[in-house]
Amino acid sequence: MRIKEGFVLRDICGVKAVMACGAGEVDFNKLVALNESAAWLWQQVKGIPFDASTLAALLEGRYEVDAATALRDAEGLLAAWRESGLVQEE
């Protein structure tokens, strides 16, 4: 899994949001707001291959969360990113 090229994380009035980069690609109906932990994960995996286990390990290392909770949260986030079209299979 990889974050699709052309998407960037921006701070818009204090809200972290992912959007397409380049005027011709921007669809303002498709902005995806991320909470603090999701935005942090985005920054950690931008440009590298990852999966739910990678995200879970990152969550465990940064937050006080057990492995099962981290994996469940990572799988949910990854599913949301897939549904939004932000990631691609390698």
Contacts under 9 angstrom Cβ, first residue in segment 8-32 being surrounded by 10 or more Cβ atoms within 10 Å (Cβ to Cβ) and of a type in the set (Val, Ile, Thr), partner modelled with pLDDT under 85 and not in a helix (DSSP H, G or I), 6 or more apart: VAL8/ALA20; VAL8/CYS21; ILE12/LEU31; VAL18/LEU31; VAL26/ALA20
Please go through segment 65-89 and give me each residue that is among the charged types (D, E, K, R), modelled with pLDDT of 95 or more and loosely packed, with under 13 Cβ neighbours inside 10 Å, ordered by number. ASP66
The conditions are (1) surrounded by 13 or more Cβ atoms within 10 Å (Cβ to Cβ); (2) modelled with pLDDT of 95 or more; (3) closer than 19 Å to GLY85 by Cβ, and PRO49 fails exactly one of them. Which is it? (1)
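The values are calculated or read from the model by the stated rules, or taken from the named source; none is laboratory data. This one's a predicted model, so the numbers in the text were calculated from it and none came from an experiment. We place every Cβ from the backbone using ideal geometry, glycine too, and count neighbours over all the protein chains shown.
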